[in-house]
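Beneath this line is the structure, given in structure tokens, with notes to follow.
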Amino acid sequence: MGISDLLETSKSALNANTQAIRTIGDNVANVNTPGYTRRRPDIVTTQPLPVSGVGTGVDVQRITRVVDNFINGQLEDRAGDRAFAEIREEFLGRAETSFSLDGVAGRIGYEFNEFVSALQNLTTSPGSIPLRTQVVQQGQELVLSIRQTYSEIAALQREADSRIGIIVEDVNRLSSAIADVNSQIRESEISDQEALTLRDQRDQLMLELGELVGFERVDNSDNTVNLYFANGFNLVQGTNSNDLEFTQTPSFEDAAPNGFPSGLDGIRLGHVVANYADSGAPQHIQLTDIIRNSGEGEIAGLLSLRGVQPQPIPPAPTTAFDTDGDLVQLAGRVELFARDLLTRVNRQYIGQDDENPATPLVFDSQSLDLDGNAANDSSIGVVNTGGLNGFALFAFDNAEAYILPGTGDVKGTNGVPVNTDLDLVIAAGVTSFAQTLTFNISNERHFAAARDLDPVAGSIVGSPGGSENVDAILSPLSTAPGVGYNLGVVSLTDMSLEELYSNTVTTAGGFSRRASDDAELYRDREEQLQEIQASISGVSLDEEFAKLINFQRGFQASSRLIRTADELLTELLNSVA
Amino acid sequence: MAFRVTNSQFTNTFINQVNKTKINLEDTRNRLTSGLDIADPSDDPARAGTVVGLQNTIQRIERHKERIAYATNFLAVQETAMTTANEVMIRLRELATQGVNGTMAPDVRAQIADEVFQLRDQLASLANTKEQGVYIYGGTDDDDPPFVYEGNYFENAGGTGDGSPAASPERGHWLFSPNNVITADAELGHTTTRDVKISDTESVRINTSGNIFEDAISAATQLGRALHGYQTSKVDRDTDGVIDDLESVADVGNTNRQLALSDPSAANYNSELAIQLGQIHEAMTALDLARTNDIETELSSIGARLARVEQTESILENIGINTEQARSEIQDADVVEAASAFANLQTNLEALLATGARISNLSLLDFI
């Protein structure tokens, strides 16, 4: 043990303090860098001399990141929850505006009431052209409001679907970046020192990925991480990543005709899959359900809105309403509205065989327009149905292409439309009636307000001012329970149209409210964790400056020691000389 | 909670708090400007359905009121027509009383008959009253008048006429459309009545079939013809107590028979005069019956229906006000509350910004 050792000790102290100050410099410089975790030098005493036990100084063993991996993992989950809820909040908030309560024209409920009122007004003077014009206009407005509301929701579903496709690309970018960082970390962390920046980067990437899709994480012994879904599919496996695909034609879909249900707009919806075929035809593994069920991340949120298609595929005919999603539920209610108009109103409008009440559904037009023509007479320009047809008041685009069962006539002259008829039309390819609903009367004279007054079978005589047919349409609309459908995931029967609309408004509001409440809750929870994380890993300038003073003093003291050692040596040398 | 407060933590918390306060401010501002607490269903999903229901009710009440206005107008027109008809009937009764005076010369009676026919035609035109393009007594047959003047009625009935319209009014007749076999009309519904919905549960009949005028008009015709000297019904001419006159209604053509009243010195003048007076008495009875059974009954019925419509209107008015109140209580914003909330939030935000800015300035850096 000599004085020269003191020099060594002081040198180590100078070194250690310099490194500590450099670390502080790093921390201060990165005070606002996102994802940066503060560094801490691990300062340790070096081994004392073996015999005397006198210390040999200090060393910075390594620089560590101050991080709580458990909190970080939770933060990924919370970010996923929050992203899930926020995307739902956005879409359902937009869907809700179609059912706004401002009480202005254009909403289904308003237009329906106006239509009923127009019909009631017509009963006061059925021959009056202005009142007839009102009925025709309100009928068209009602149809327009239904079509518009439905297409707004269908457009949201389509937007959700295409956003999933975009986000899947983002997921692939992130997972391959994480795999890259994994391999860099594995290569650079051979010694005891962590690859600080790379780890920060990886945590940041995983946080970003967590906002898009939910996953589980496991740390490997070579310092890489694996990210996998609940079914064991590895998104990132060490230094490899597996790409997701978003496809409308997955390899696991049965051959036609029993395919997956289409979207609300009649176009196919996509599936999140991975291709495990090395080459040749793709072999897809279905991941949609797994991702949806995780309940984390934007993709899951979008899937919950857009709807996840039933598996196994239900027996044909599958309709857009077999898909289970919030937007589908809202659209389903609008669709119920349209179907009820098509069946119940048309059935009354055409008029049943009052001369033969034993067979009430046998078609025998009893209703007459202002010129004495039957309600479904092709000569009065029943616009879309191309002649005698059950769809005389409310119809849908291309209705003439669909055969209604009845006498065997191609146009179904016998076809007073009932629920099962609509099912057949759906099976023949109509996605939704709400999307294509039309009001068939454009000339107010052609609205059939009167009915046959002549009790003699075969002879049909009415009066121009008769309102018997309007009364017949009105009575089930305003009183009796109507909707007789169970539509895919929407199960509502025995509701009047007005009740159905109130129910739809409440449902839309409920969905939107729950989504925004969830979003708020998850935002709060995420903020809480972010605070904890910032509290652990964030840089506090005051703390850094306090430490800076400390280490600066340490440096100054060490310098002083060197001077002292130098003086001692000089004194020694002088005494020898 | 936190054991260290770091710079990023402080900044994030500050930003979040400012954001939240601003969002609340924006919500409150929306409430203030729209005046609505529940503008979107999600503002209160449970009550959104109720709001829709209330809005529907208000909308429906407005429409009911429109129809009530129509019904009131339609009924009021009928009330006027019926009141006039009643006055006409009273005048007819007066004329009949004058005519039944035996000392009056036959040609004076014939002159009275002219006024009677005028009044009869007035009754018919009242029955053919049009309101807003609709025959008010025409049932649902809007394009045909309920009463049609058939000039050659008596000629044809007697089988002696040539089918051309009669020159003088006493030879023609007003026919109620259903019996109108001459102009073959394919349309039905002349006697159909119209019900108008004046509330969710109530309807009121707004018209009456034209046949309430039928008896009055034919009684007037009968009176006019009797005054003019026609035999209008069977009589017991041989006074054996049996109405056995061959020249009777049974032999339809002979309702055309002109009584021999031109020569007061003729042998049968007195018996013919007796027949005429008897016929006038008969017509008077028919007039009285038509007035009490049809015209007066209808008048009171219209009065009752009008009263009902007015009552319903005032009930609807009340329901409308109550419903609007209920809707407002649920849906409308309490402006005072919203304004004070706004002021509160404003103060909060100012305090938040002030403290935030001040704490940001505090750093050890300033002291070394």
Fill in: Interchain or long-range residues, amide H under 5 Å from B:W174's placed H
B:E150
Item to complete: Please give the FRET efficiency for A:Q193 paired with A:S162, using the beta carbon to beta carbon distance and R0 = 51 Å, rounded to the nearest 0.05.
Response: 0.65
Worksheet item: What shape does segment A:18-87 have by the C-alpha gyration tensor, where a ≥ b ≥ c are the square roots of the eigenvalues, rounded means a/c under 1.5, and otherwise prolate means a/b greater than b/c and oblate the rest?
Response: oblate
Worksheet item: Beyond 16 Å, what percent of the Cα pairs of segment B:283-368 remain?
Response: 78 percent
Worksheet item: Whose amide H sits under 5 Å from the amide H of B:D332, counting only residues 5 or more places off or on another chain, with H placed in the peptide plane?
Response: B:D37
Response to the item:
Here segment A:13-28 yields Karplus 3J(HN,Hα) values (6.51, -1.76, 1.60; θ = phi - 60°; whole Hz; Gly and Pro given as x) of 5, 4, 4, 4, 5, 4, 4, 4, 5, 5, 4, 4, x, 4, 4, 5
Worksheet item: If Lys and Arg each add +1 and Asp and Glu each add -1, what is the summed charge of the other residues whose beta carbon sits under 14 Å from the beta carbon of B:E324?
Response: -1
Practice prompt. Find the centroid of the Cα atoms in segment B:259-318 and in segment A:138-194, then give the distance between the two in whole Å.
Written response: 87 Å
Worksheet entry | Amide hydrogen neighbours beyond the local backbone of A:L235, cut-off 5 Å, H modeled | A:L227, A:Y228, A:F229
Worksheet item: Summing +1 for each Lys or Arg and -1 for each Asp or Glu, what net charge is found among the other residues whose Cβ lies under 14 Å from the Cβ of A:N503?
Response: -3
Fill in: Ranked by how many other beta carbons lie within 10 Å on average, peptides A:151-162, B:313-324, A:336-347, A:35-46 from highest
A:336-347, A:151-162, A:35-46, B:313-324
Worksheet item: Quick one: Karplus J couplings for segment A:558-571, per residue in order, coefficients 6.51, -1.76, 1.60, θ = phi - 60°, nearest Hz, x for Gly and Pro?
Response: 5, 4, 4, 4, 4, 4, 4, 4, 4, 4, 4, 5, 4, 4
Discussion item. What's the ranking of B:272-284, B:86-98 by average number of surrounding C-beta atoms within 10 Å, highest first?
Written reply: B:272-284, B:86-98
Worksheet item: With Cβ to Cβ distances under 12 Å as the rule, what net charge do the other residues near A:Q528 carry (K, R +1; D, E -1)?
Response: 0
Worksheet item: When you count, for each residue, the other Cβ atoms within 10 Å and take the mean per peptide, how do B:201-212, A:218-229 rank with the highest first?
Response: B:201-212, A:218-229
Worksheet item: What is the calculated FRET efficiency for B:T33 to B:T292, with r their C-beta to C-beta distance and R₀ = 56 Å, to the nearest 0.05?
Response: 0.25
Item to complete: Enumerate the calculated ³J(HN,Hα) couplings along segment B:288-302 in order (Karplus 6.51 cos²θ - 1.76 cosθ + 1.60, θ = phi - 60°), each rounded to whole Hz, writing x wherever the residue is Gly or Pro.
Response: 4, 4, 4, 5, 6, 6, 9, 5, 5, 4, 5, 4, 5, 5, 4
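FYI, it's all coordinate maths here, none of it is from the lab. Please read all numbers here as calculations on a predicted model, not as lab measurements. All Cβ positions, even for glycine, are placed from backbone atoms using ideal geometry, and neighbour counts span all protein chains on display.
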